[in-house]
Amino acid sequence: MPSSIVNVRITESQQQLTIDRPAKGLSVQGRIRVPGDKSISHRALMLGAIAKGETTIEGLLLGEDPRSTARCFQALGAEISPLNEQRVRVRGVGVGELIEPADILDAGNSGTTMRLMLGILASHPDRFFTVTGDKSLRSRPMSRVVKPLQQMGAQIWGRNGNSLAPLAVQGQSLRPIHYHSPIASAQVKSCILLAALMAQGTTTITEPAVSRDHSERMLKAFGAEITTDPDTKSVMITGPAQLQGQSVIVPGDISSAAFWIVAAAIVPDSDLTIENVGINPTRTGILEALEMMDADIQLENERMVAGEPVADIRVRHSQLKGCTISGDIIPRLIDEIPILAVAAIFAQGQTVISEAAELRVKESDRLAVTATVLNQMGAKITELPDGLEITGGTPLQGTDVESYDDHRIAMSLAIAALNAKGTTTIHHAEAAAISYPDFTATLRQVCEEC
């Protein structure tokens, strides 16, 4: 893509990403790969750190969030080689053998790091830990994991009734519970599963809808005794457990692929293939939603890689139509709703997304921010208490917009800009590096001027 179309300006305080759409238009073409799955990268580092022996990880995401996980577990005694995409080696200490760190553990901007790690730390008797994060993470609710951990016997203290970081943890011998989660959340479920590794007996988590199951798959591969009951939306784990290091191959992140899938679907004359993408059925809500909107999506070269289903995803431009998105599909596309809203802008008719109030407690209030920034470009989006109502068919106009330091907002705006007349400037675009360090380079690669 010519450099005159996509430009980056770096100042002392921020990075500005400018997209100047040619008057004749552009298309999205080629074959690309996206970074490794963030959820799987976190879990591979964590399980490797508490397993016996060596774990090797290929395809690890090199974003800031997994780096935060690696730094925390290095401080807890695990040996982790320098992070790279080829092969990372983790020498674990064994379940229950993490050391008491000399300093505060910093989870950075990563909610996954903090919430999952709390389950592990709470189950280490006679050790004391303090966990914090950046300004954004310190404002995000932790009570959703603190409360079930307290039911297991954990001792955790923090601000705002033990719901906000910094959090102090005094490790305890935990007891098994049956937790009926009020929300479908892989982070809540995973936190409890990790805490239960050292509890004597069987712990059960029942959800209102099935959330992503990467933890269950990986725990089983590492040797945990774990079963699932799809009929009751429950997962059971029996402790105490011992884990053994494994070889993990991380597939491409479907949450990162979602930006390019939508780009090819909405930009005329596009034909794009994203290779080696994880298509775990608990994560493919974005594909199902776009297919309801009549997107032209094909899965090619489907295969299994290290226990996870993988495929190449080919997307061609098509005329999208509005639809209603709610219910059990929401937990399977919760992170993709901002980019799904971009798709809905270019669909015929109205799209309604509901039962997604969870988005209000992400890196930003993603419901409010998505509506605000896309409306600044000319979209017609109404913010609902638990979702968005999008009227499609309104042309977008390039303008200055703010990422709100949210990686998914920054990237969604860049994709919207491909179909916006004129020039769009995204402020604080460096936020994309949280999950996708090479996003701008890939943006240049896939776009061709007409």
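The values are calculated or read from the model by the stated rules, or taken from the named source; none is laboratory data. Fair warning: this is a prediction, and the values are worked out from it, not measured in the lab. Here the Cβ positions follow ideal geometry from the backbone for every residue, glycine too, while neighbour counts run over all protein chains shown. Calculation scope for accessible area: heavy atoms of the full protein, side chains included, ligands and nucleic acids excluded. Shrake-Rupley method; radii C 1.70, N 1.55, O 1.52, S 1.80 Å.
Just a few scattered comments:
- Being under 28 Å from Cys447 (Cβ atoms), open to solvent by 40 Å² or more (accessible area, probe 1.4 Å), touching a residue at least 12 places away in the same chain (Cβ under 8 Å) and in contact with a strand residue (DSSP E or B) (Cβ under 9 Å, 6 or more places away or on another chain) is a property that Gln319 has.
- Candidates in region 133-168 are the residues that are charged (D, E, K, R) and part of a loop (DSSP other than H, G, I, E, B); of these, the one that is most open to solvent (accessible area, probe 1.4 Å) is Lys135.
- The condition of being aliphatic (A, V, I, L, M) and out of contact with any Ser or Thr (no Cβ under 8 Å at 6 or more places or on another chain) holds for only one of Ile205, Ile183, Ile177, that being Ile183.
- Top-ranked residue in region 341-376 [being charged (D, E, K, R) and either under 23 Å from Ala295 (Cβ atoms) or in a strand (DSSP E or B) (or both); ranked as least open to solvent (accessible area, probe 1.4 Å)]: Arg366
- Meets criteria (within 19 Å of the chain's Cα centre (by Cα) and open to solvent by 50 Å² or more (accessible area, probe 1.4 Å)) for Asp294: no
- Looking only at residues of region 1-26 that are of a type in the set (Val, Ile, Thr) and in contact with a helix residue (DSSP H, G or I) (Cβ under 7 Å, 6 or more places away or on another chain), we find that the one that is most open to solvent (accessible area, probe 1.4 Å) is Val8.
- Hits in region 27-70 - residues which are open to solvent by less than 10 Å² (accessible area, probe 1.4 Å), farther than 17 Å from Met218 by Cα and outside any strand (DSSP E or B): Gly63, Asp65, Ser68, Ala70
- Residue check for Gly349: at positive phi and touching an Asp or Glu at 6+ places or on another chain (Cβ under 9 Å): no
- Matching residues, region 377-387, being open to solvent by 30 Å² or more (accessible area, probe 1.4 Å) and within 24 Å of the chain's Cα centre (by Cα): Glu383, Leu384, Pro385, Asp386
- Pro309, sole failed condition from (1) open to solvent by 50 Å² or more (accessible area, probe 1.4 Å); (2) part of a strand (DSSP E or B); (3) out of contact with any helix residue (DSSP H, G or I) (no Cβ under 7 Å at 6 or more places or on another chain): (1)
One line per residue, one yes/no per condition, for (1) touching a residue at least 40 places away in the same chain (Cβ under 8 Å); (2) in a helix (DSSP H, G or I); (3) of a type outside the set (Asp, Glu):
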site	(1), (2), (3)
Ile381	yes, no, yes
Val401	no, no, yes
Met411	yes, yes, yes
Ala416	yes, yes, yes
Tyr436	yes, no, yes
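- Residue in region 71-80 that is in a loop (DSSP other than H, G, I, E, B), of a type outside the set (Val, Ile, Thr) and within 23 Å of Val277 (Cα to Cα) present: no
- Flag for Ser136 being modelled with pLDDT of 95 or more and of a type outside the set (D, E, K, R): no
- Extreme residue, farthest from His124 (Cα to Cα), among residues of region 169-199 that are part of a strand (DSSP E or B) and open to solvent by 10 Å² or more (accessible area, probe 1.4 Å): His180
- Whenever a residue of region 40-58 is farther than 19 Å from Ser435 by Cβ, its partners that are polar (S, T, N, Q), lying with C-beta atoms within less than 6 angstrom and at least six residues away or across chains, give the pairs Gly48/Thr55; Ala51/Gln244; Lys52/Gln244; Gly53/Gln244; Thr55/Gln246; Thr56/Ser247.
- Odd one out for Ile337, checked against (1) in a loop (DSSP other than H, G, I, E, B); (2) open to solvent by less than 10 Å² (accessible area, probe 1.4 Å): (1)
- Top-ranked residue of region 202-228 - restricted to ones that are open to solvent by less than 50 Å² (accessible area, probe 1.4 Å) and of a type in the set (Asp, Glu), ranked as farthest from Phe439 (Cα to Cα): Glu207
- Residue within region 273-282 that is of a type in the set (Asp, Glu) and surrounded by fewer than 24 Cβ atoms within 10 Å (Cβ to Cβ) present: yes
- Residue within region 154-164 that is within 24 Å of the chain's Cα centre (by Cα) and farther than 30 Å from Pro309 by Cβ present: yes
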